[in-house]
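Undergrad: Could you have a look at this structure, given as structure tokens, before my questions?
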Amino acid sequence: MPRDLYNVRVVPGPSAADGPSPLSAEEERRFQAVLFHDLGNAIADHGLVRFPAHTREDRIRLVRVAERLSAHWGRRVAVEAEDACRLVLRLDDGPTEPLPPAR
């Protein structure tokens, strides 16, 4: 069902070519808390989780979340690059097994 938008105007700001604006410290903290909860639940349920990481900041953020999960659980959470745009976070219990196919 389409919706009509009234009183909508373009707000001047950085162009799309400049990329997204960085998160503020508070936004970064809140986003990492959400990732910690959601990715932690997925890893606890399935042993691993795949998550997109298109930018360097995304990859750094996921590594930090994996470190926090490792400290919280007392078990190492490994981070692996599955392809150019996706990382896999998994519980590291020793020798690695092949990844199951992506859905």
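Undergrad: Which residue pairs have Cβ atoms closer than 9 Å, lie 6 or more positions apart in sequence or on different chains, and pair a first residue in region 49-61 that is more than 17 Å from VAL77 (Cα to Cα) with a second residue that is of a type in the set (Lys, Arg) and assigned to a loop (DSSP other than H, G, I, E, B)?
TA: Note: no pairs meet the criteria.
Conditions (1) out of contact with any Asp or Glu (no Cβ under 8 Å at 6 or more places or on another chain); (2) open to solvent by 80 Å² or more (accessible area, probe 1.4 Å); (3) part of a helix (DSSP H, G or I); (4) at pLDDT below 70, marked per residue:
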site	(1), (2), (3), (4)
PRO14	yes, yes, no, yes
GLU27	yes, yes, yes, no
GLN32	yes, no, yes, no
LEU39	yes, no, yes, no
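Undergrad: Looking only at region 56-84, filter to residues that are in contact with a helix residue (DSSP H, G or I) (Cβ under 9 Å, 6 or more places away or on another chain) and in a loop (DSSP other than H, G, I, E, B); which one of those is most open to solvent (accessible area, probe 1.4 Å)?
TA: ARG76
The values are calculated or read from the model by the stated rules, or taken from the named source; none is laboratory data. Note that the structure is a prediction, hence the values are computed from the model and not measured. Positions of Cβ are backbone-derived with ideal geometry, glycine not excepted, and every protein chain shown enters the neighbour counts. Protein only, heavy atoms only, side chains kept; ligands, DNA and RNA dropped before computing areas. Shrake-Rupley method; radii C 1.70, N 1.55, O 1.52, S 1.80 Å.
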